[in-house]
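Following: one structure in structure tokens, then a few remarks.
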Amino acid sequence: MTSATPTFDARGLADILDASSPEQLDALDFGVIGFDADSKVQRYNAFESQAAGLSPQRVIGEPLFTNVAPCLNNFMVAQRFEDAAFDASELDDTIDYVLTLRMRPIKVKLRLLASADSTTRYVLVQRR
Amino acid sequence: MPFDDSVESLRAEHEALMQFLYLAPVGLVQAGIDGEIVMINPISAQLLMPLSPDGCLTNLFTALEGVAPELRLQCAQYPQPNGMVFEGQHIHLRAEERRGVPQILSFTLLKLDEARVMAVIQDVTAEVRRERQLRQSDAWLNAILTRISDYALAAIDCEGRLCDWNDSIARVTGFGEHIVGSPYSIFYPHDAMTGEHLFDRLREADANGWSMDEGLRLRADGSQFWCSALIAPLPDREAFGDDPSAPAYCLILRDISDKRAATEKRRQAAFCDHLTSLANRRAFFEAAELELERAAHTPRSLALIVFDADHFKQVNDRYGHPAGDRVLCDLANVLRDTFRAVDTVARLGGEEFAVLLPSTGIDQALASAERLRLAVSTRLVAADGAEIAYTVSAGVAVLDATAEGNIDLLIKRADEALYIAKAQGRNRVASWTPELTHHADTPQRSRHAG
């Protein structure tokens with residue numbers, strides 16, 4: 001891994017995030033939520049924690065689409081991950097979305113990352 | 001208590017409250033009286049984001065505009081300084097093929113004061129399904145238990161023809177003995193029943209044990225009365241062997257004119273568009289579902305026409321929203337006068353209307369659409385001293401007897417045809433052809449094409 005901090009739209013970002021330590025994720029200037037095959041949250045960086053007002057202890061191990069970010073539980077986001085898992089296909093797409101961080105509507109870009117050979121999938125969040 | 005501890009406990013409490021709101025399994029929104037969103041929880045975003053025409057959640061009424069165009073107006077017109085503007089109002093979304101996608105939202109709007117409202121939004125799709133089944137049973141009980149002044153009882157054969165005549169038929173309908181052998185549709189106004197519907201009711205009676213409908217029925221002298229009609233299969237019809245003219249069903253006609261006002265009011269509230277009193281989305285999708293079920297059993301063609309008022313935004317901008325509303329009401333009146341009682345004429349949203357025509361082929365549907373277009377082009381709507389002329393464009397699609405399809409496909413095709421009518425200069429009717437879908441460059445919705 002290079003020492004330069006990866007950006008939101010960097011190529012091969014999933015591999016870089018997989019290899020990053022929690023401290024390295026905390027240094028990023030965008031939100032990182034990593035979750036496993038059961039949709040349980042495994043990684044949750046400081047940027048996201050600060051934006052949502054939730055500490056990682058309240059979030060890690062919880063099911064993402066029901067207990068952490070139910071706002072993503074529709075065909076625009078959750079369904080995309082489900083379809084990718086079902087087809088064992090690659091998912092790397094960036095969409096405009098609105099998150100309800102601290103109950104305020106916040107316009108963001110979401111980057112959805114999943115690949116057949118990594119067990120961790122990511123929702124990355126950048127303000128727009 | 002040391003200072004640090006109290007700050008820490010306050011922080012923990014704040015976080016717990018935040019998470020409580022994040023996890024609440026209903027949508028909660030606080031907005032200004034004009035719909036500008038101040039606070040919003042995640043379930044609201046989950047339900048509203050797929051509907052939001054601009055991909056934003058800046059304004060609650062804008063996010064719901066495509067499926068509930070009248071909310072802004074109804075909120076503005078709410079007369080009290082505070083109180084419940086809507087309680088559990090159902091908003092029907094476009095029917096989706098995918099399972100698990102919400103189709104019906106329940107919407108509650110509380111006006112806090114002159115500046116603020118709060119909304120509760122819930123997905124009630126599964127709940128409404130269950131209720132619909134119960135409603136059928138209710139209708140049956142109601143038919144049995146309601147006190148009635150008079151009823152006509154007739155026997156009909158397996159083809160829907162009247163087998164006999166008696167005094168009760170004469171009392172309620174005025175028809176004489178000569179009606180024996182006629183189909184039971186003679187009790188219906190000519191545009192309120194199709195040949196296929198006549199058989200649909202018999203088949204539904206076979207399948208469910210009974211079939212009931214309510215509406216205007218005809219007396220021998222041409223006058224009409226509000227009637228509840230029940231068809232039930234006779235229990236021992238096998239005894240008649242294969243005789244096709246033997247009694248197979250009983251038909252009960254009840255004159256319920258005196259109860260019409262009450263049932264109409266209930267029906268209006270649930271199935272009518274607030275502004276135009278046409279069918280609303282809910283009534284439209286229920287009618288479409290029923291027609292497609294019937295067509296799946298006994299194939300026949302089903303036509304859909306979508307109408308869109310041309311340059312409607314300009315009418316609103318130039319003359320104001322109240323004048324725009326008058327134009328929509330005028331269009332609704334022309335639609336009502338042009339189509340048959342058996343057709344479902346609905347407002348789907350904004351300036352977008354749809355008419356579902358059972359047992360109708362492409363030629364007949366195109367002719368009806370053209371008749372409507374022509375009638376509208378001669379209209380002038382009075383508004384504040386001005387007279388507004390307006391036009392409509394129409395897209396026509398038909399599911400013929402051999403084709404498999406669903407309402408989404410039919411709507412998509414009619415929309416593609418509408419897009420062509422708009423692109424060719426508006427104030428015209430276009431019909432769907434397979435090439436339209438193959439050139440898939442037409443946008444999914446033409447609602448904002450003006």
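Here, each number is a calculation from the coordinates, and none is a lab measurement. In this text, all values refer to a predicted model and were calculated from it rather than measured experimentally. Every residue, glycine among them, receives a Cβ derived from its backbone with ideal geometry; neighbour counts consider all protein chains shown.
Quick rundown of the values:
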{"read-out": "Positive-end residue, the protein assembly as shown charge dipole about Cα centroid, Cβ charges, pick of A:SER115, B:GLY405, A:PHE81", "value": "B:GLY405"}
{"read-out": "Shape call, the stretch B:3-123: gyration tensor on alpha carbons, a/c limit 1.5", "value": "oblate"}
{"read-out": "Dipole moment magnitude, nearest 20 debye, chain A about Cα centre, only Lys, Arg, Asp, Glu C-beta charged", "value": "700 debye"}
{"read-out": "Span-rule helices in chain B, defined as complete DSSP H runs reaching 18 Å or more along the axis (Cα) with Kyte mean at least 0.0", "value": "B:362-377, B:407-423"}
{"read-out": "The stretch B:56-72 - phi-based ³J(HN,Hα) in whole Hz, Karplus 6.51/-1.76/1.60, Gly and Pro as x", "value": "10, 10, 7, 10, 5, 5, 5, 4, 9, 4, x, 10, 9, x, 8, 4, 4"}
{"read-out": "Lys/Arg +1, Asp/Glu -1 at C-beta; the protein assembly as shown dipole; positive extreme among B:GLY361, B:THR173, B:LEU290", "value": "B:THR173"}
{"read-out": "Cβ-placed point charges (K, R +1; D, E -1), dipole of the protein assembly as shown about Cα centre in debye, nearest 20", "value": "1240 debye"}
{"read-out": "Pairwise label distance in nanometres, B:SER6 with B:THR298, each label 7 Å out on the Cα-Cβ vector", "value": "8.0 nm"}
{"read-out": "Span per principal axis, largest first, for the Cα atoms of the protein assembly as shown (Å)", "value": "96, 63, 55"}
{"read-out": "Kirkwood-based Rg to Rh ratio, chain B, C-alpha trace", "value": "1.04"}
{"read-out": "Selection from B:GLN314, B:PHE20, B:SER44 lying farthest towards where the dipole of the protein assembly as shown points positive, charges on Cβ", "value": "B:GLN314"}
{"read-out": "Per-residue HN-Hα couplings for the stretch A:9-15 [Karplus 6.51, -1.76, 1.60; θ = phi - 60°; Hz; x = Gly/Pro]", "value": "9, 4, 6, x, 5, 4, 5"}
{"read-out": "Long-range amide H partners of A:ARG104 with built H, under 5 Å", "value": "B:ILE40"}
{"read-out": "Helix-derived mean residue ellipticity, 222 nm - over chain B, DSSP H n ≥ 4, -39500 (n - 2.57), to 500", "value": "-12000 deg cm²/dmol"}
{"read-out": "For the protein assembly as shown: lysine pairs under 29 Å (alpha-carbon distance), excluding those fewer than 8 apart on one chain", "value": "9"}
{"read-out": "Shape category assigned to chain A from the gyration tensor of Cα positions, a/c cut at 1.5", "value": "rounded"}
{"read-out": "Whole-Hz ³J(HN,Hα) from phi, Karplus 6.51 cos²θ - 1.76 cosθ + 1.60, for the stretch A:121-128, glycine and proline x", "value": "10, 10, 10, 10, 10, 10, 5, 10"}
{"read-out": "Inter-chain shielding of A:70-81 (mean C-beta neighbours from other protein chains, 10 Å cut-off)", "value": "5"}
{"read-out": "Part-to-part distance (alpha-carbon centres) for the stretch A:1-69 and the stretch B:307-346, which is given in Å", "value": "51 Å"}
{"read-out": "Amide H contacts of B:ALA248 (H built 1.01 Å from N, under 5 Å, at least 5 apart or other chain)", "value": "B:ILE156, B:ASP157, B:CYS158"}
{"read-out": "Within chain B: Cβ-based charge dipole about Cα centre, in debye rounded to nearest 20 (Lys, Arg +1; Asp, Glu -1)", "value": "720 debye"}
{"read-out": "Under-5 Å amide H pairs with B:ALA401, H placed in peptide plane, nonlocal only", "value": "B:SER301"}
{"read-out": "Length-normalised contact order for the stretch B:272-449 - Cα pairs under 8 Å, 6+ apart - percent", "value": "26 percent"}
{"read-out": "Contact order normalised by residue count of the stretch B:3-123, Cα under 8 Å, 6+ apart, percent", "value": "24 percent"}
{"read-out": "Cα gyration tensor shape of the stretch B:20-65, rounded if a/c is under 1.5, else prolate or oblate by comparing a/b with b/c", "value": "oblate"}
{"read-out": "Relative contact order (%) - chain B, alpha-carbon pairs under 8 angstrom, separation at least six", "value": "10 percent"}
{"read-out": "Stretchable slack from B:ASN82 to B:LEU216, in nm (0.36 nm times residue separation minus alpha-carbon distance)", "value": "44.2 nm"}
